[in-house]
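A short worksheet on the structure shown next.
Where a number appears in this text, it was derived from the coordinates with a stated rule and is not lab data. From a predicted model like this one, the values you see are computed outputs, not experimental measurements. In this analysis, Cβ positions are derived from the backbone assuming ideal geometry, glycine residues included, and neighbour counts consider all displayed protein chains.
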Amino acid sequence: MTKDFETLLFAVEDGVATITLNRPDRMNAFTPQMATDLIAAFDITDAEDAVKAVIVTGAGERAFCAGADLGAGGNTFDYNSYDGAEALPQANGVYRDIGGLVTLRIFDSLKPVIAAVNGASAGVGASMQLAMDIRIASTSARFGFVFARRGIAPDAAASWFLPRIVGIGTALAWTCSGRVLPAEEALARGLVQSLHAPDELMAAAQAIAREIVDNCAPVSVAVTRRLMWDMLGAAHPMDAHRADSRAIQARGLSADVKEGVTAFLEKRAPTYPDRVSDGLPDMYPGRSVPSFY
């Protein structure tokens, strides 16, 4: 399965969707069209039960995503100056951060997302990765939360994600200085899980995806992902206990658990029948998603 996008390459093979940021002549720099394309791509991966894991990487050898395309010069971050600005999402006169629209869409993904960071990533190119579940990088990768060096502020909900991933001290050191980090520092601080030679990066990402696709129930993975992310903001472990209890009860009655246990006892590969597209158990009855205002 393939899909044509203006700024992405998109392909699905054997249960794994690969989304490739595809503006190599501009170091895969981020544009409003790329935001639109990424959101649409994740709409597809959520809707397709054949997709059980997603890998995101960049085209070429130089960059994952070098940040916002600065071709507009000093007007780059002035949404009022954009062609078609009236169509950009806004509320009460405030334009919604386009990078944030992307990270919130990734945050809501029903499928696990693996970032394979193949080169430089700066600005939104670094912050968009934070909503991805597993991040691995090439030894040649670099990371820069460079917002203060461009006169703006952190985007893409990085102020929520980054301190939770690397701790508040590291997050402030990186964002206040805006300096570019080598891959080794990103690994040491927990931003990425592992480093790989450039020509081995995609094979490593595929291996991670295969562990998920070949062994795990897709609905259980979606539930696990939701619980882990959501509980980062919980006030008390009782919140997790309530949600866990509802999830375990629902999953315990499912056809998937019967297949998972039987396959384990029979020492064979499982074939899970439940589909993510049929919905997830309600783990938070009565809770609503916050609105922009």
TODO: Tell me which residues come under 5 Å, amide H to amide H, from V56 once H is placed; ignore anything under 5 positions away on its chain.
DONE: I19, I114, A115, A116
Task: Neighbour cut-off at most 16 other Cβ (10 Å), DSSP loop, trypsin sites (Lys or Arg not before Pro), the stretch 43-145 - done: R62, R96
Open item on the list: Straight-line reach only, C-alpha to C-alpha below 19 angstrom: list the aspartates and glutamates that K3 could link to, leaving out same-chain residues fewer than 8 apart.
Closed with: E13, D14, D37, D43, D46, E48, D49
Task: Fluctuation leader among D108, D199, D97 - the chain, Gaussian network, Cα springs under 10 angstrom - done: D199
TODO: Determine the calculated [θ] at 222 nm for the chain from helices alone, applying -39500 (n - 2.57) to every DSSP H run no shorter than 4 residues and normalising by the residue count; nearest 500 deg cm²/dmol.
DONE: -11500 deg cm²/dmol
Task: Alpha-carbon centroids, the stretch 126-173 and the stretch 1-56: separation in whole Å - done: 21 Å
TODO: Could you give the spread of the C-alpha atoms of the stretch 61-166 along their three principal axes, from largest to smallest, in whole angstroms?
DONE: 39, 31, 23
Task: Angstrom value of the Kirkwood radius, inverse mean 1/r, which spans all Cα pairs in the chain - done: 20.1 Å
- [ ] Quick one: which residues, 5+ away or cross-chain, put their amide H under 5 Å from the amide H of R96? H built at 1.01 Å from N.
- [x] Q90, A91
Open item on the list: With +1 on the Cβ of every Lys and Arg and -1 on the Cβ of every Asp and Glu, and nothing else charged, how large is the dipole of the chain about its Cα centre, in debye rounded to the nearest 20?
Closed with: 780 debye
- [ ] Treating cross-link reach as a plain straight distance, find the lysines whose alpha-carbon is under 21 Å from the alpha-carbon of K258, omitting any fewer than eight places away in the same chain.
- [x] K52, K267
- [ ] Measure nothing fancy, just the Cα-based angle from helix 168-177's long axis to the longest principal axis of the chain, in degrees from 0 to 90, nearest 10.
- [x] 30 degrees
